[in-house]
1. Would you calculate the separation in nanometres between label points at R45 and A68, each defined as 7 Å from the Cα along the Cα-to-beta-carbon direction?
2. Please get the size of the charge dipole for the chain, origin at its Cα centre, with Cβ charges of +1 on Lys and Arg and -1 on Asp and Glu, quoted in debye to the nearest 20.
3. Using a 1.4 Å probe, what is the accessible area per residue for the stretch 95-168, in Å²?
4. Restricting everything to alpha-carbon atoms, can you work out Rg to Rh for the stretch 121-163 with a Kirkwood hydrodynamic radius?
5. With the chain treated as a Gaussian network of Cα nodes joined by springs under 10 Å, which of A78, A38, A110 yields the largest mean-square fluctuation?
6. Which order do you get for K69, K95, K4, K30 if you rank them by accessible area with a 1.4 Å probe, largest at the top?
7. With every protein chain left in place, what is the accessible area of T86 in Å² (1.4 Å probe, nearest 10)?
8. First measure r as the distance between the Cβ atoms of R175 and D151, then evaluate 1/(1 + (r/R0)^6) with R0 = 45 Å and state the FRET efficiency to the nearest 0.05.
Amino acid sequence: MAAKSSTGIPLGAAGPHAVQPLPDKPRFGKPISEPDLAAWNIDVRTPDGQGLPAGRGSVAQGREVYTAKCVACHGADAKGGAVYGTMVGGIGSFKGAPRVLTPGSMYPYAPILFDYMRRSMPMDRPQTLTNDEVYALSAYLLNLNGLVPADAVMDAQSLPRVQMPNRNGFLQDDRPDTQATRCMTHCR
């Protein structure tokens, strides 16, 4: 006869437990392959554009993508919308007040624009834009800021060559802790 609780619920049997001991080391998931890891490696080195993917897009294509996927938040011609302020103008405003934060006024390198949009836009579906769409949007926004002509086409070679107005507007961080060598093995 099995033991029961005071309310009549059967209690577990005594004796060896059915759970097996853990192996000598945990076994979580599976090793990641280089191709799997490469899909997550989407960082772009912004001064020279290293890491920019294949693809290309024109100002005209960017206008179409913008109208379809960006205008609801950023407004017509990127001049501000229901969710965000302007992405046009402000060049030179960092020397006074008020500062107008736009890609043309604050980014020192054009690949920053590509990297940011590819990672975070559209806000409700980040990382859903194709590389061609992001290049096209980059061309369109750079054109609206007067930094590339209306017939510009952006790709991994042309985007890093765009001279941003605030390229020299940042100070080099020369504090000692910014030069530390990162330890990856036998660290103390």
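The values are calculated or read from the model by the stated rules, or taken from the named source; none is laboratory data. Because the structure is a prediction, the values reported are computed rather than measured. Note that we place each Cβ from the backbone using ideal geometry, even for glycine, and neighbour counts take in every protein chain shown. All accessible areas refer to the heavy atoms of the entire protein, side chains included, with ligands and DNA or RNA removed. Shrake-Rupley method; radii C 1.70, N 1.55, O 1.52, S 1.80 Å.
1. Label-label distance for R45 and A68, simple model: 3.4 nm.
2. 500
3. 48
4. Result: Rg/Rh = 1.01.
5. A38
6. K95, K30, K4, K69
7. 50
8. My answer for the efficiency is 0.55.
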